[in-house]
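Below you'll find the structure, written out as structure tokens, and then a few comments.
The values are calculated or read from the model by the stated rules, or taken from the named source; none is laboratory data. Predicted model only: the values in this text are computed from it and were never measured. Positions of Cβ are generated from backbone atoms using ideal geometry, with glycine treated the same way; all protein chains shown enter the neighbour counts. What goes into the accessible areas is simple: the full protein's heavy atoms, side chains included, and nothing from ligands, DNA or RNA. Shrake-Rupley method; radii C 1.70, N 1.55, O 1.52, S 1.80 Å.
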Amino acid sequence: MLMIGLAGTTLVPSEHAWLTAPGVSGVILFARNFASREQLMALVDAIRDVGGEDMLIAVDQEGGPVQRFREGFTRLPPLSTIGAEYGRDPENAIRLAEEHAWVMSSELRASGVDFSFAPVVDLARGNAAIGPRAFHADPAIAAELAQAYVRGMHLGGMAAVLKHFPGHGSVAVDTHKATAIDPRPLDEIRRDDLVPFVEGVAAHAEAVMIAHVIYPEVDAQPAGFSRRWIGEILRSELGFGGAVISDDISMAAAGAAGGAAERVHAHLDAGCDLVLACFPNVVDEAIAAVQGRAAAAPERLAALRGAVASTWEGLLDNPQRDRFIARVTALNAVEGSSAA
């Protein structure tokens, strides 16, 4: 039910109790938890030694501005560079989306991390928090690249997480900092923002992350607290059977429900399978909130576990990886020249 954040690069005694608490299904890692690849692998081993082999371990490793692990990992360009390439050469952009995803996922899997919260399939329409994290403003192009990215993640042994449902790109406000309201009618959202999610679901993405955005023409509650968005639209209309994951309960836009415990309950009551408590200061309250609650469908969370992975030594001995990295990281230079 809960995916929690830890304080630093090693486990502290209080975190042992968190990892063995009923309702804790996984850990989300951040830059504060990373010093080196070797340290990361030791931390992953320690988490599973305490919490069990089924403990999920995840990270945001999108590339561009959101890449938590950097030293020793390929420096991935933002997804917007792939969208820009689509305008020049669509076939090459599709290939680059698959390769970017494979490089990202294979490196994380070789480090023991189960999955990244990727890809962002929001539309690139000016949102302050999304920015270059999105592929493109055009729904059809974003959808095609999203499908390619999901394929690449699967080839790398990793589950895919489409975010931020039903679309965070078309509202200006950053939900980390303030309440975000998207006044558009459902028909317009279906025509535009939902298109990449529909195609990502068709590509067998295993999970969807829900936005903290309010769409008042659809429901007065933020999407993560909304049975209509999760139950009626995502599950029934789009036919999605995988895991539904909240965004971080510490974000300002989640405050509509109240404190940490109320935010946890609101997400679970609406149909979320996994709730993110990313900051250590909310973990105790989140754990207390889920005591006695029935767990999510175990098969949905089991699908998020990483497949059998190569070692780092095996990756380094893979000439295909060298070709992919050369092609993908060339986009960093393109991004730099366009920003100059």
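For TRP229, the conditions (1) surrounded by 15 or more Cβ atoms within 10 Å (Cβ to Cβ); (2) in a loop (DSSP other than H, G, I, E, B); (3) in contact with an Asp or Glu (Cβ under 8 Å, 6 or more places away or on another chain) all hold with the exception of (2).
When the criteria are applied in full, THR10 meets the requirement of being open to solvent by 10 Å² or more (accessible area, probe 1.4 Å), under 30 Å from LEU268 (Cα atoms) and among the hydroxyl-bearing types (Ser, Thr, Tyr). Residues in region 208-226 that are of a type in the set (Val, Ile, Thr) and farther than 10 Å from ALA270 by Cβ: VAL208, VAL213, ILE214, VAL218. Cβ-Cβ contacts under 7 Å between residues 6 or more apart (or on different chains), taken from a first residue in region 41-56 that is among the small types (Gly, Ala, Ser) to a second residue that is part of a helix (DSSP H, G or I), are listed as GLY51/LEU19. State yes or no: is GLY241 surrounded by fewer than 17 Cβ atoms within 10 Å (Cβ to Cβ) and over 21 Å from ASP60 (Cβ atoms)? Considered against the rule, which asks whether it is surrounded by fewer than 17 Cβ atoms within 10 Å (Cβ to Cβ) and over 21 Å from ASP60 (Cβ atoms), GLY241 comes out as yes. Residues of region 86-119 that are over 16 Å from ARG151 (Cβ atoms) and touching a Leu at 6+ places or on another chain (Cβ under 6 Å): ALA110, SER111, ASP114. Listed by position, the helices (runs of 4 or more DSSP H) enclosed by region 278-332 that each have at least 1 residues that are open to solvent by 60 Å² or more (accessible area, probe 1.4 Å), within 24 Å of ALA159 (Cα to Cα) and not hydroxyl-bearing (Ser, Thr, Tyr) are 298-302, 312-316.
Taken together, the residues in region 13-34 that are surrounded by fewer than 17 Cβ atoms within 10 Å (Cβ to Cβ) and either under 23 Å from the mean Cα position of the chain (by Cα) or modelled with pLDDT under 95 (or both) amount to 6. Just one of (1) open to solvent by 10 Å² or more (accessible area, probe 1.4 Å); (2) over 30 Å from THR311 (Cα atoms); (3) out of contact with any Cys (no Cβ under 9 Å at 6 or more places or on another chain) fails for SER250. It is (3).
Contact annotation: no residue pair with Cβ atoms under 7 Å, 6 or more positions apart or on different chains, pairs a residue in region 9-21 that is farther than 22 Å from VAL59 by Cβ with a partner that is part of a helix (DSSP H, G or I) and open to solvent by less than 70 Å² (accessible area, probe 1.4 Å).
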